[in-house]
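For reference, the structure discussed in these notes is given below.
FYI, it's all coordinate maths here, none of it is from the lab. Remember, predicted model here, so these are calculated numbers, not experimental data. Methodologically, a virtual Cβ is constructed for each residue, glycine included, from the backbone with ideal geometry; neighbour enumeration extends over all protein chains shown.
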Amino acid sequence: MNIFEMAKIPLEEAIGLSKLVPGAAAVIEQPERTLEVSLPVKMDDGTVRVFTGYRSQHSTVLGPAKGGIRYHQNVTMDEIKTLAFWMTCKCAVAGLPYGGAKGGIIVNPAELSEGELERLTRTYVDKIAFIIGERKDIPAPDVNTNAKIMGWMMDEFSKIAGQYEPAFITGKPICLGGSLGRNAATGYGVKVAAAEALKRKNISLAGSTCAVQGFGNVGSWSAKLLYDLGVKIVAVSDSRSAIFCAEGLNPYEVENHKEMNGTVAGFAGSQAIGSEEILELDVTILVPAALELQITKDNAAKIRARVIVEGANGPTTPEADKILDGNGVLVVPDILANGGGVTVSYFEWVQNLNRHFWTEAEVVSKQESMMVNAFRQVYDTSVKFGSDMRVAAYIVALNRLAEAMKYRGMF
Ligand code: GLU
């Protein structure tokens, strides 16, 4: 089954429970548009390589489309469409005035020089420029993209528009209109979601243990912020290796080690474990913060965590969800748990539109209250419908989308 069809399984369950008018459900099941572009890039050796990129706008019902751009060798159009659909639902759950979008380029950025990466980035912006903009579709970072790449994109788009266009993209460097708190925002949201989930389970955060799969932006910030609250981080992994230490790892030091060595492997005092093993450790909190489809029917029964907080998009398959639910594992779904990033992206956009900047404390306190509120709504919905939190999150999203469609006169 392709990933887009798989992603719709909990959505169908939510549609059934929330008794949406059929028109609304049908609209949500397809992206509004998906663009495929070819990207010729002059390489450093003088040859030309043609890359493929995508931008999918799933919905603009609640506002302009919004979502990140990833650079990865395994990007497919179906994956990007699925990620765009998740963005629509994520923004609706968070209560943001946005629809959903996602973009991607099929490339392993580690194989490109900095100059090649910049030329690829600028070519991609040139090719999708006609469908993006501060009131149309607002990109952001995602897997293997960062503030520096957003800065190039902002520069290229501003050149095309012939004017300064900071609000067309979020996750920018602070000096180009980025927001304080945006870099840590997704990890901060994971921390808030983990704290709320443990409260519902009557487990105290301090003294609990955590394993984090993926040590990029989301995983490293989740680990650091949970560590700051007294959570023992017993294992972390990156795309190549996984490390474990029963006494707990200091994620700040692991980050320094990774910066110097390119991997978490070999961190002093840690032992190497298998990359599947990290998901199956006896921990309180498991944070999958890597890629899609990591927790499947094959390993779900082996998971011993009490709570899973999905830092990644789509790490758990629908079959695994049922197994975890049956075993009493509370799964805080991606469209709620990792909504902190896009929430602070929204703050960045608001600041850019107003040409007025907030302090980090303002950003953090607004983010905290929005996420606690979203968590409460989803949790209460799950209790009301007797569903898991993923289906409940879709119910919350669907209700907002259906109401907006109704008042737009779409059915
Ligand atoms: N890429 C992030 C996500 O998947 C952030 C998107 C954004 O800030 O627009 O939620």
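Worth pointing out:
- Condition check for residue 113: more than 14 Å from the ligand (Cβ to nearest atom), under 29 Å from residue 47 (Cβ atoms) and among the small types (Gly, Ala, Ser): yes
- Some residue of segment 259-268 being without any contact (Cβ under 8 Å) to a residue 40 or more places away in the chain, crowded, with 24+ Cβ neighbours inside 10 Å, part of a loop (DSSP other than H, G, I, E, B) and touching a strand residue (DSSP E or B) at 6+ places or on another chain (Cβ under 9 Å): no
- Flag if residue 332 is touching a residue at least 12 places away in the same chain (Cβ under 8 Å), buried (at least 19 other Cβ atoms within 10 Å of the Cβ) and closer than 23 Å to residue 195 by Cβ: yes
- All conditions but one from (1) closer than 16 Å to residue 142 by Cα; (2) surrounded by fewer than 20 Cβ atoms within 10 Å (Cβ to Cβ) apply to residue 185; the one that does not is (2).
- Residue match in segment 19-33 (condition: more than 18 Å from residue 91 (Cβ to Cβ), touching a Phe, Trp or Tyr at 6+ places or on another chain (Cβ under 7 Å) and free of Cβ contacts under 8 Å to residues at least 60 places away in the same chain): no
- Among the residues of this structure, residue 222 does not count as one that is within 23 Å of residue 144 (Cβ to Cβ), assigned to a loop (DSSP other than H, G, I, E, B), touching a residue at least 60 places away in the same chain (Cβ under 8 Å) and of a type in the set (Gly, Ala, Ser).
- Test set (1) more than 16 Å from the ligand (Cβ to nearest atom); (2) surrounded by 15 or more Cβ atoms within 10 Å (Cβ to Cβ) - residue 162 fails condition number: (2)
- For segment 38-88, filtering for residues that are more than 16 Å from the ligand (Cβ to nearest atom) and among the charged types (D, E, K, R) leaves 5.
- Elements of type strands (runs of 3 or more DSSP E) contained in segment 25-106, each with 2 or more residues being hydroxyl-bearing (Ser, Thr, Tyr): 33-42, 48-59
- For segment 225-258, filtered to residues that are of a type outside the set (A, V, I, L, M) and in a loop (DSSP other than H, G, I, E, B), the residue that is surrounded by the most Cβ atoms within 10 Å (Cβ to Cβ) is 238.
- Test for residue 196: is it more than 20 Å from residue 331 (Cβ to Cβ) and either outside any strand (DSSP E or B) or touching a Phe, Trp or Tyr at 6+ places or on another chain (Cβ under 6 Å) (or both): no
Here's the yes/no breakdown for (1) away from the ligand (no atom under 13 Å from the Cβ); (2) within 28 Å of residue 224 (Cβ to Cβ); (3) of a type in the set (Val, Ile, Thr):
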{"position": "117", "(1), (2), (3)": "yes, yes, no"}
{"position": "123", "(1), (2), (3)": "yes, no, yes"}
{"position": "129", "(1), (2), (3)": "yes, no, no"}
{"position": "138", "(1), (2), (3)": "no, yes, yes"}
{"position": "156", "(1), (2), (3)": "yes, no, no"}
{"position": "172", "(1), (2), (3)": "no, yes, no"}
{"position": "194", "(1), (2), (3)": "yes, yes, no"}
